[in-house]
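The values are calculated or read from the model by the stated rules, or taken from the named source; none is laboratory data. Nothing here was measured: the structure is a model prediction, and the numbers come from that model. Positions of Cβ are generated from backbone atoms using ideal geometry, with glycine treated the same way; all protein chains shown enter the neighbour counts. Protein only, heavy atoms only, side chains kept; ligands, DNA and RNA dropped before computing areas. Shrake-Rupley method; radii C 1.70, N 1.55, O 1.52, S 1.80 Å.
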Amino acid sequence: MTIELTPPETRTRTESTRLKLASVIPEVEFELFAPYIASINQLKAERNAIVLAHNYMTPEIYHGVADLVGDSLSLADMAAETDADVIVMAGVHFMAETAKLVAPDKTVLIPDLKAGCSLAESITPADIALLRQAYPGAPVVTYVNTSAEVKAASDICCTSGNAVEVVESLGADRVIFLPDEYLGKWVATQTEVEIILWQGHCEVHERFTGEELRSYRAADPEVRIIAHPECPPDVLAEADYVGSTSGMQAYVESNQPAKVVMVTECSMSDNLAVNNPDVDFVRPCNLCPHMKRITLEKILTSLQTMTHAVEIAPDVAEKARVAVERMLAVKRGTGR
Ligand code: 13P
Ligand code: SF4
């Protein structure tokens with residue numbers, strides 16, 4: 001009979017995660033997660049692998065097995081800089097593709113191939129070709145929430161953390177901004193550059209309403225409202241701060257508001273509540289069904305079987321990489 005002993009360092013991380021998550025995950029539920037957390041952390045060490053986790057991952061992933069966490073821009077930066085041989089992307093498919101573009105020699109795994117994004121679904125390279133015909137000479141700025149093929153048809157990418165800086169970096173009077181209409185409208189409020197929009201939306205953020213936020217403010221005038229720029233304009237008009245998920249995190253950590261409404265995906269509040277015990281989080285809860293496809297069980301299977309490895313056709317990758325690397329060369333501004 002073979003008994004596999006969990007190395008002390010893996011046991012320690014599981015135990016420290018248990019303590020850390022006591023306020024957001026009941027003990028009985030954590031018991032179900034603990035063996036996965038231990039096995040994933042052990043396998044990561046054996047495979048020289050890291051788990052990069054987006055801020056919308058559930059707390060047991062975010063605090064239990066992630067090596068690095070962040071918004072889309074940070075995840076791209078981290079993928080470009082890691083020494084690991086294997087990157088497991090605990091996020092959605094476009095994030096894994098972006099990691100593969102900036103780290104082509106690494107194995108990049110996505111634990112569930114169906115972890116998509118409504119924005120990525122909203123636009124194709126053929127749409128971009130038509131827009132270029134309609135607006136000759138206007139550069140195409142594409143949100144990273146898109147396929148590699150769409151990135152390849154673009155001039156430069158952006159994230160919610162650097163969209164304004166990217167648009168202004170081009171020195172153009174007008175740009176085509178794809179595919180998120182609301183992010184584009186928000187960028188237009190921050191710059192003199194004319195923004196040509198596309199009508200893609202995030203299925204999670206488009207559900208928030210200004211009326212909902214006004215009711216929170218009416219109930220407590222002191223409440224801080226912070227929102228992701230994928231929300232509709234009437235929602236952003238109610239916000240005290242608008243920024244990427246990492247920007248929202250930085251706002252909470254540095255301002256320590258007594259009460260905050262996080263106008264974004266549910267898990268953000270859970271993850272931040274762990275490290276900000278003095279902040280009362282109001283959670284208008286909209287789940288991203290794509291992000292929620294990533295579970296501890298699937299991360300473990302992904303590492304055990306080395307699936308699903310992201311591959312991008314070389315001709316597509318070559319062009320898409322240029323658009324992503326141009327973006328990474330633009331410094332991140334206040335959107336953080
Ligand atoms: P961030 O880059 O701000 O993390 O946003 C990614 C995303 O998909 C938000 O819905
Ligand atoms: Fe896409 Fe919205 Fe989900 Fe982010 S939250 S991955 S933009 S569907």
Hits in region 44-72 - residues which are outside any strand (DSSP E or B) and within 16 Å of ligand 2 (Cβ to nearest atom): N55, Y56, M57, T58, I61, Y62, D71, S72
Contact list please: Cβ distance under 6 Å, first residue in region 108-119 and within 16 Å of ligand 1 (Cβ to nearest atom) and of a type outside the set (S, T, Y), second residue open to solvent by 20 Å² or more (accessible area, probe 1.4 Å) and assigned to a loop (DSSP other than H, G, I, E, B), pairs at least six apart or on different chains. I110/H308; A115/H290; G116/H290; C117/H290
Taking region 218-249 only, how many residues are within 16 Å of ligand 2 (Cβ to nearest atom), small (G, A, S) and more than 14 Å from Y182 (Cα to Cα)? 2
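Condition check ((1) among the polar types (S, T, N, Q); (2) under 22 Å from S246 (Cα atoms)) across all residues:
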{"position": "A129", "(1), (2)": "no, no"}
{"position": "P136", "(1), (2)": "no, no"}
{"position": "V166", "(1), (2)": "no, yes"}
{"position": "S169", "(1), (2)": "yes, yes"}
{"position": "D180", "(1), (2)": "no, yes"}
{"position": "T191", "(1), (2)": "yes, yes"}
{"position": "E212", "(1), (2)": "no, no"}
If I filter region 130-150 down to residues being in contact (Cβ under 8 Å) with a residue 12 or more places away in the chain and in a helix (DSSP H, G or I), which single residue comes out as farthest from T295 (Cα to Cα)? R132
Considering region 218-241, residues that are more than 16 Å from ligand 1 (Cβ to nearest atom) and of a type outside the set (D, E, K, R), and then whichever is surrounded by the most Cβ atoms within 10 Å (Cβ to Cβ), we arrive at I225
Based on this model, can you work out whether L113 counts as in a loop (DSSP other than H, G, I, E, B), open to solvent by 40 Å² or more (accessible area, probe 1.4 Å) and among the aliphatic types (A, V, I, L, M)? yes
Out of D105, D127, report the one residue that is in a helix (DSSP H, G or I) and either within 13 Å of ligand 1 (Cβ to nearest atom) or open to solvent by 20 Å² or more (accessible area, probe 1.4 Å) (or both). D127
Residue that is surrounded by the most Cβ atoms within 10 Å (Cβ to Cβ) [pool: residues in region 198-217 that are in a helix (DSSP H, G or I) and within 16 Å of ligand 2 (Cβ to nearest atom)]: H205
Can you pull out every residue in region 270-292 that is within 14 Å of ligand 2 (Cβ to nearest atom) and crowded, with 20+ Cβ neighbours inside 10 Å? C288, H290, M291
Scan region 293-303 residue by residue and report those that are within 16 Å of ligand 1 (Cβ to nearest atom), part of a loop (DSSP other than H, G, I, E, B) and surrounded by fewer than 21 Cβ atoms within 10 Å (Cβ to Cβ). none
